[in-house]
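Beneath this line is the structure, given in structure tokens, with notes to follow.
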């Protein structure tokens with residue numbers, strides 16, 4: 001698997017509240033986008049990715065793991081992050097109310113297993129088609145699904161950044177889990193809203209189709225997001241599936 005990743009604070013933010021962590025040896029990849037006052041969002045996102053990474057380091061997935069085993073494994077890691085953020089919120093007044101989005105991807109034996117909570121996304125690119133795998137947990141997306149507003153209205157809605165689920169928001173969290181088959185040359189894009197909020201899917205497809213390295217693709221995505229305004233922090237992980245990933 002070819003892996004690229006990059007994070008940037010954008011043009012209008014004074015600090016970066018996004019975080020990412022890649023564990024290529026275990027084919028696990030993590031992105032988080034923190035929310036909260038002061039520096040709490042930054043603390044929440046970094047706590048989340050480090051907790052999941054620590055969980056992965058201490059707990060092995062066996063070769064015989066079923067889909068249910070993998071789901072439980074990934075959600076246990078996210079629950080560990082949830083507990084750590086809640087404890088920090090209770091211990092330190094300045095961290096009260098902090099939380100974070102999260103998207104975690106695990107690739108094994110021709111499948112991508114993806115967990116998400118919040119509005120950080122995972123996409124699959126195949127044959128010039130870009131498909132959003134995850135679903136945004138936002139107030140605006142709930143209105144869109146209910147048919148209350150149109151897609152065009154959703155993009156300009158004043159509450160478009162209001163998330164309805166997050167790691168660290170409650171003691172019990174509801175994490176979505178997706179499984180998608182992958183083929184050689186497929187590309188998985190994981191990102192925070194700082195990317196897709198500035199770069200539409202047509203431009204994303206155009207940039208992917210240039211077939212650059214995954215590192216260059218991450219840089220190009222961030223450069224375009226900044227050129228289009230850079231209104232938020234931007235984090236991207238790009239994964240290009242190889243033949244080896246179909247057999248491991």
> Cα centroids of region 66-139 and region 190-248: how far apart, whole angstrom?
Replying inline: 18
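Quick check: from the Cα gyration tensor, does region 37-132 come out rounded (a/c under 1.5), prolate or oblate? Can you show the working numbers first?
Numbers: a/c = 3.23, a/b = 1.53, b/c = 2.11.
It comes out oblate by the Cα gyration axes.
Counting other beta carbons within 10 Å of each Cβ, put 91, 165 in order, fewest first. It would help to have the intermediate numbers written out before the result.
Working: 91 9, 165 20.
Fewest to most other Cβ atoms nearby, the residues stand as 91, 165.
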> Of 95, 233, 59, which has the largest mean-square fluctuation in a 10 Å C-alpha GNM of the chain?
Replying inline: 59
>> I need 103, 167, 140 ordered by Cβ neighbour count within 10 Å, fewest first.
In response: 140, 103, 167
> With the calculation restricted to Cα positions, what are the radius of gyration and Dmax of region 1-69 in angstrom?
Replying inline: 14.7, 47
> Counting every Cα pair in the chain, what percent are over 24 Å apart?
Replying inline: 43
>> As a test of the formula, what do you get for the chain when each DSSP H run with n ≥ 4 contributes -39,500 (n - 2.57) and the sum is divided by the residue count, at 222 nm and rounded to the nearest 500 deg cm²/dmol?
In response: -10500 deg cm²/dmol
> Can you pull the three principal axis extents for the Cα set of region 58-199, in Å, largest first?
Replying inline: 43, 42, 25
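Rounded, prolate or oblate for region 155-248? Axes are the square roots of the Cα gyration tensor eigenvalues, ordered a ≥ b ≥ c, and the cut-off for rounded is a/c under 1.5. Don't skip to the answer; put the middle values down first.
Working: a/c = 2.42, a/b = 1.17, b/c = 2.07.
Cα axes put region 155-248 in the oblate bin.
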> Among 108, 184, which comes first, second and so on when ranked by fewest other beta-carbon atoms within 10 Å?
Replying inline: 184, 108
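Any read-out appearing in this document is the output of simple, stated calculations on the displayed coordinates, not a laboratory observation. Remember, predicted model here, so these are calculated numbers, not experimental data. Neighbour counts run over all protein chains shown; Cβ positions are idealised from the backbone, glycine included.
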